[in-house]
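This report concerns only the one structure given below.
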Amino acid sequence: MSTGTAGGPPTAVDAGAHDRGALRRLAVATLDANWEHDHTVPSRTLYPHQWSWDSAFIAIGWSHVRPERAWCELASLFRAQWVDGRVPHIVFNPALRVGSYFPGPEFWESGLAEGAPAAATSGLIQPPVHAPAAWLAYRRCPSEQARAALRRLYPRLVAQQRYLATRRDVGGGGLACIVHPWESGLDNSPAWDAPMAAVPADAAVMRAYRRHDTAHADAAHRPTDLDYARYVAIVASYRERRYRDDDLAGRHPFLVECPLVNTAMGAAEHALARIAPLVGADPGPHRERAARITEALVRRLYEPTTGTFRPRDLRADRLVPARTVLGLAPLVLPDLPARQVSALVAEACSPRFGLAARMDRPLPSHDRTAPDFEPLRYWRGPSWMNVNWLVRRGLLRHGRPDLAAGLRDSMIELVARSGCHEYFHPDTGAGLGSPAFGWTAALLLDVLADDPAG
Ligand code: 9WN
C-alpha cells in the first residue's frame, strides 16, 4: 500500500503488509522522481546535484529496472573526472540557482585548478565504489551495449585507482589517505572527531555563509556550525593550492587513512579483475594490486588487541579511538584473512552493533555503547542503507548467509515502515534526513532482487 504526496513520489509502504511489489514500485518511483537528464540526484531538496558514490549505488539500482540509465549515470559522473584521475565528489548542475547547495561551485573554484573538467565540481573524492557498481550492473543485465559502456569506463576506472594509489599515498604504506571527512562519505562520523579537533576553526566563520542543509533538515540532526567551520577551513587549505597533492604531508590539516575508502579501493581492483577480460585487458595486475591493498589494510589499520579496523590519523600517527561502523567495511574484501573476518563478525554481533540473524534493531553507524552515540545526528548513530548493504555483501562473501539474511530483513523493514529516507533512527526505525533518497531506493531494489522468493 503506498501513500503519496501530491506531485511527488510515494513516501511509504504499509509496514505490516510487506508487499514486495509495492516496495519495488516505491523504489522505482523514487529513482524516477530524482532522475535529472543524465544522472540521479540523491535528494531533490538537500542534495540537488550529482554525488560520486551516490551515483555508483544508484547505478546498481537502475540496473534492475532501466539498465541504460545505470550506464548513463556512471558515464556522466566520469565525464567530470579530472586529468589526474580523481573523480570529484560533487558534479554541479549549472542549471540550478546559486545557493541551491552549500558549498556551491563558487566556493570550490574548480575552474582555477589545473586539469579540472569543464563542468564545475568539488575538488574532493568519495569512496571509489564505482568499479564494483559497474561490474554488478553488467552482471545484472549483460548486453552488447553494457559491454561497450564497460569498455569506455574501464580506462577511467583504472585512472581513478591510479590517482588514489599514487597521489594519495601520503603515508607511503600502500593505502590512500583522505584529506577531508567528506571524502569518507561518513562525513560526521565520530571517527573524525580526534583529527578534526586539531583543525583550528571558529564557529563564527559560518556567519559569512548560508548553510543550505539546516534549511531542509533539523539542525539537531546535522553537523554543528563548528564542524562546518572546520570543513570549510580544510577545503580552503586544499583550494589555496588548487587541489594539488604534491606536498600534502607537510601542510594539510586533515590526513587520514580510512578503512572504508581503502576497502573500496581494494574491492575496485577485484572488480576490475572481473571486468578486464571483457574489455580485452589483463586481469593479473588488478589481482596483484588487490592483494597488496588487503595486506596494507591489515598491516596499517588493524588493531589486534581490540580486533578492530580503525582509521589512521597520519598527522598524529595513531589509530583513532572511536569504534564506528567504518571498521566493519573490510569484511567486503574477499581475501580478508580468516582471523580478521572472525574479529569483525564478533564486533558486528557484539552489543556495539547488534548484528543477528533476527535483528531487533537496525545496524547503527556508531557503537551503541559509546557515550557519544547520537541516535538522531547523521553518521553518529543512525542506520544507513548503503552501509548495511556493504556489510551484508561482506557477510555473504565470508559464508554468513544467516547474518546476511538478518540484515536484509532489517533493511526491507526500514523502508517498509518509513519510506526511502536518507537514514533511520537506530532504535525505532523512524525515517530521518531527506525523504525520497536515491541510494536507499536503489539498494532496496538490489536486496529485493536477491531473494529467489521475493
Ligand atoms: C557532503 C549526498 C551526500 C552523501 C554523503 C553524505 C552527505 C554531503 C552533505 O550527502 O554529504 O558531501 O552535504 O552533508 O554524508 O555520504 O554522498 O547524498
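The values are calculated or read from the model by the stated rules, or taken from the named source; none is laboratory data. Since this is a predicted model, take the numbers as computed values, not measurements. Glycine also receives a Cβ, built like all others from the backbone with ideal geometry; neighbour counts cover every protein chain displayed. For the accessible areas, the whole protein counts, side chains as well, though only heavy atoms, and no ligand, DNA or RNA atoms are used. Shrake-Rupley method; radii C 1.70, N 1.55, O 1.52, S 1.80 Å.
Okay, here's what the table says:
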item	result
Carbon and sulfur %, accessible surface of segment 264-329 computed with the full protein complex present, 1.4 Å	50
Cut-off 12 Å between beta-carbons: net charge of the residues surrounding residue 224, Lys and Arg +1, Asp and Glu -1	0
Helix runs (DSSP H) in the chain reaching 20 Å along axis by Cα, Kyte-Doolittle at least -0.5	20-34, 52-65, 225-240, 259-275, 401-418
Dipole magnitude (debye, nearest 20) for segment 152-204, charges at Cβ of Lys, Arg, Asp, Glu	520
Signed unit charges on C-beta, dipole axis of segment 386-437, positive-most listed residue 424, 434, 410	410
Under 15 Å, Cβ to Cβ, from residue 120 - net charge with Lys/Arg +1 and Asp/Glu -1	+3
Charged-residue dipole, Cβ positions (Lys, Arg, Asp, Glu), segment 368-409 about Cα centre, Debye nearest 20	160
Residue-averaged 222 nm ellipticity for the chain, from DSSP H runs of 4+ at -39500 (n - 2.57), nearest 500	-13500 deg cm²/dmol
Alpha-carbon Rg/Rh ratio, for the chain, with Rh computed the Kirkwood way	0.93
Over segment 220-358, relative contact order from alpha-carbon pairs under 8 Å, at least 6 apart, %	21
Selection from 163, 258, 41, by position along the positive dipole direction of the chain (Cβ)	163
Size of charge dipole - segment 32-92 - debye, nearest 20, with Cβ of Lys, Arg +1 and Asp, Glu -1, no other charges	40
For the chain: relative contact order, % (alpha-carbon pairs under 8 angstrom, 6 or more apart)	19
Residues whose placed amide H lies under 5 Å from that of residue 50, excluding near-sequence neighbours	91, 93
Per-peptide average of other Cβ atoms within 10 Å, ordering 189-202, 55-68 highest first	55-68, 189-202
Extension gain from residue 315 to residue 402, taking 0.36 nm per residue of separation minus the Cα-Cα distance	27.3 nm
